[in-house]
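Chemist: What follows is a single structure, and I will ask about it in a moment.
The values are calculated or read from the model by the stated rules, or taken from the named source; none is laboratory data. All values derive from a computational prediction rather than experimental measurement. Cβ atoms come from the backbone with ideal geometry, glycine included; neighbour counts cover every protein chain shown. Just so you know, the surface numbers come from the protein's heavy atoms only, side chains and all, with ligands and any DNA or RNA stripped out. Shrake-Rupley method; radii C 1.70, N 1.55, O 1.52, S 1.80 Å.
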Amino acid sequence: MIDNSFHIITFGCQMNVHDSQWLARALEARGFCEAPLEEARVVVVNTCSVREKPEQKVMSTLGRIRQVTHDSPRVLVAVTGCVAQQLGEKLFSRQVRLVAGSDGISGAPQAIERLLDEPALRLSLLDFTSHYVEREPGADVPAPPVGFVNIMQGCDNFCAYCIVPYTRGRQKSRLTPAILDECRHLLDRGAREITLLGQNVNAFGRDRSGDGTSFAALLEKVAALPGLERLRYVTPHPKDMGPEDVAAFANIPQLCPRLHLPLQAGSDAVLRRMGRKYDSARYLELVASLRAARPDMALSTDLIVGFPGETEDDFAATLELMRASDFMSSFSFCYSDRPGTRASRFLDKIAPDVQQDRLLRLQALQEELSQRWLDARVGRECVVLLESASRRDAAEGALQSWQGRDSHGALVHVPLPAGDHTGRLVAARITEAKKHSLLAEALGPSW
Ligand code: SAH
Ligand code: SF4
Ligand code: F3S
C-alpha cells in the first residue's frame, strides 16, 4: 500500500463524474496520488441512487473493496454522493469512516486528511447548505480539451419518480463571476470546449442564490471568453426552456447544435402524473423552434417506460414522439420505485415483464433512428475536437486513428499522421457510419 494514495470509484450522472474529478485534483493538491484499488490507502465510492437497487450496488462495491484490501483497517473508505446522502451513518463500518453527501463532498479532502491522522475517528458531512459552496481549486494540472463546470446544485422540480431533489437538495445557483473564473481557468490550461452542468440549467438564477443573471445571459458571457471554441450544457428542462434559450442557438456560434432534452414520456396523461409540467404539444413546439433556430440541431433525450398506470396506448405515444422528434440517441430506463417519491406511493405499478418488453421495443426504435442519423452524416464535412488516440486498430500506413466529437457530440474516428493531436480541431469528411460512431478522413492543408 502506498501512503497518501487514493482511488475513486464513480457511479451516476455527469455531475458525479465531475465531482469525482474535482475530488481527485483536490487530493492531488494536498500531496496525494492516484493508485489502483489494490494499492490505495484511501478509497472513495461516489454513489448514485437514481434507479434500481443502488444500495445493493454500493454494498457489493464495499464488499469488493473489503476483499481486495483484506479488510485492512489501514484502508480508509469514504462513501460520497447520493446514496451517502440517503443512508448516511448507516454506511459506517470498520473501513467506512467518512460519509459525505452532495454538499458535504466539498469538505471531503480536509476530512480525509484528518481521518488518516486519527484512526479511531468517523466523520459524516450530510448537511445541506443554503447557498452554493465554492470548492478549493485543486492541483494546477493541464486541462483536457473538454471541461465541465457546475453552474448550480440541486433541483426544485420534484418530478414524481425522482429522488434527486432529496439527495441533492434544493436548487442553488452558483454566482456568475465564480462560474466565469472557473471557465477562464480551464481555458487557460488548455480546454477548448466547456459543458455547463446542472440538474435544471434553464432555471439558473431563479432561486435565492441567484445573482440576477439569466441562463441565456450566462451563455453569452461564457461564449465571450477568449479561447472557447465550443459550448454545451446539460440538463435542460422543457418547461423552463424559454424563447431566449432557443434564440441562443441561433445567436451564439460557439453553442453546439446538439441538445439533450429529456422527454421522459410521450403521453400527456403520463407526463401530467410525472409532474413534468409540459405536454407533448409543447415539447414538439420546442423541438420545432430549436430546429428553426439551428436547422442542423441534433436532439437526444431521456425516456422512462412502465411508469405507474402507463397503458399500451400511452407507451405508443412515447414511440410516436420519438419518431416525431427524430432523436439521434436516447437513454431509456424502466421506471423504478425510489423511496420517498410520490410515484412510489402510486398503486398501479406495471409488471416488470411488461416494462422490459416496452424497453426493448423502445430501444429497437432508437437503434433505427440512431442508425438513420449516423448514415445521413456520411459524405458530410465536420470539425472534430480531438480528445485521444482511438483504441481501435491503427489506420493504414503511417497514420494513426484519433477520436473526438463533432459539433453534434457524435464520436468520430479520424486517421492522422503520428503525433500528439490532443485538443486540436480538425476539419474532416465523414466516410462511414459504424453502429455507434463515425469514421472520417481529415481535410486540410497538412493532410
Ligand atoms: N435533471 C435531469 C436528469 C435527472 S436523472 C432531468 O430532469 O432530466 C436522469 C434520468 O434518470 C432522468 O431523466 C430519468 O429519465 C431517469 N430517472 C430518474 N428517476 C427515475 C426512476 N425512478 N426510474 C427510472 N428512471 C428514472
Ligand atoms: Fe429529477 Fe425532475 Fe429534477 Fe430532473 S428535473 S433532477 S427528473 S426532479
Ligand atoms: Fe444519480 Fe445523484 Fe446524479 S442520484 S443521477 S448521482 S444526482
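Chemist: Would the range 403-411 turn up any residue that is polar (S, T, N, Q), open to solvent by less than 40 Å² (accessible area, probe 1.4 Å) and in a helix (DSSP H, G or I)?
Modeler: no
Chemist: Exactly one of (1) open to solvent by 10 Å² or more (accessible area, probe 1.4 Å); (2) not in a strand (DSSP E or B) is unmet by Pro262. Its number?
Modeler: Among (1) open to solvent by 10 Å² or more (accessible area, probe 1.4 Å); (2) not in a strand (DSSP E or B), the lone unmet condition for Pro262 is (1).
Chemist: Can you report the number of residues in the range 272-329 which are out of contact with any strand residue (DSSP E or B) (no Cβ under 8 Å at 6 or more places or on another chain), surrounded by fewer than 21 Cβ atoms within 10 Å (Cβ to Cβ) and assigned to a loop (DSSP other than H, G, I, E, B)?
Modeler: Count: 10.
Chemist: If you check Pro243, Pro238, Pro257, which single one turns out to be within 16 Å of ligand 2 (Cβ to nearest atom), under 28 Å from Ser280 (Cβ atoms) and not charged (D, E, K, R)?
Modeler: Exactly one of Pro243, Pro238, Pro257 is within 16 Å of ligand 2 (Cβ to nearest atom), under 28 Å from Ser280 (Cβ atoms) and not charged (D, E, K, R), namely Pro238.
Chemist: All but one of (1) touching a residue at least 24 places away in the same chain (Cβ under 8 Å); (2) farther than 30 Å from Tyr161 by Cα hold for Asn16; which doesn't?
Modeler: (2)
Chemist: Scan the range 132-187 residue by residue and report those that are within 16 Å of ligand 1 (Cβ to nearest atom), over 30 Å from Asp337 (Cβ atoms) and open to solvent by less than 30 Å² (accessible area, probe 1.4 Å).
Modeler: If the condition is that a residue be within 16 Å of ligand 1 (Cβ to nearest atom), over 30 Å from Asp337 (Cβ atoms) and open to solvent by less than 30 Å² (accessible area, probe 1.4 Å), then Ile151, Ser173 are the ones that fit.
Chemist: Among residues belonging to the range 44-70 that are of a type in the set (Gly, Ala, Ser) and out of contact with any helix residue (DSSP H, G or I) (no Cβ under 9 Å at 6 or more places or on another chain), point out the one that is nearest to ligand 1 (Cβ to nearest atom).
Modeler: Going through the range 44-70, the residues of a type in the set (Gly, Ala, Ser) turn out to be 49, 60, 63.
Remaining after also requiring out of contact with any helix residue (DSSP H, G or I) (no Cβ under 9 Å at 6 or more places or on another chain): 60, 63.
Values: Ser60: 20, Gly63: 25 Å.
Here the answer is Ser60.
Chemist: Oh, and also: Looking only at the range 59-86, count every residue that is within 16 Å of ligand 3 (Cβ to nearest atom) and modelled with pLDDT of 95 or more and tell me the total. Please lay out each step first, then the result.
Modeler: Start the filter on the range 59-86 by keeping residues that are within 16 Å of ligand 3 (Cβ to nearest atom), which leaves 61, 78-86.
Now restrict to residues that are modelled with pLDDT of 95 or more: 61, 78-85.
Number satisfying all stated conditions: 9.
Yes or no, residue by residue, for (1) in contact (Cβ under 8 Å) with a residue 60 or more places away in the chain; (2) surrounded by 20 or more Cβ atoms within 10 Å (Cβ to Cβ); (3) within 16 Å of ligand 2 (Cβ to nearest atom); (4) under 24 Å from the mean Cα position of the chain (by Cα):
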site	(1), (2), (3), (4)
Arg41	yes, yes, no, no
Val45	no, yes, no, yes
Val50	yes, no, yes, yes
Ser72	yes, no, no, no
Gly81	yes, yes, yes, yes
Glu89	no, no, no, no
Phe92	no, no, no, no
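Chemist: Of all residues being assigned to a strand (DSSP E or B) and within 26 Å of Gly190 (Cα to Cα) in the range 418-438, which is most open to solvent (accessible area, probe 1.4 Å)? Just the residue, please. Let's see the steps before the verdict.
Modeler: From the range 418-438, those assigned to a strand (DSSP E or B) are 425-433, 438; that's our starting set.
The next check asks that each one be within 26 Å of Gly190 (Cα to Cα); those that pass are 425-429, 438.
Values: Leu425: 61, Val426: 5, Ala427: 45, Ala428: 0, Arg429: 82, Leu438: 0 Å².
Once the filter is applied, the top-ranked residue is Arg429.
Chemist: Let me ask something additional. On the basis of being acidic (Asp, Glu), within 25 Å of Ile163 (Cβ to Cβ) and away from ligand 2 (no atom under 15 Å from the Cβ), does Asp279 make the cut?
Modeler: Values: acidic (Asp, Glu): yes; within 25 Å of Ile163 (Cβ to Cβ): yes; away from ligand 2 (no atom under 15 Å from the Cβ): yes.
Yes; evaluated as a whole, the condition is true for this residue.
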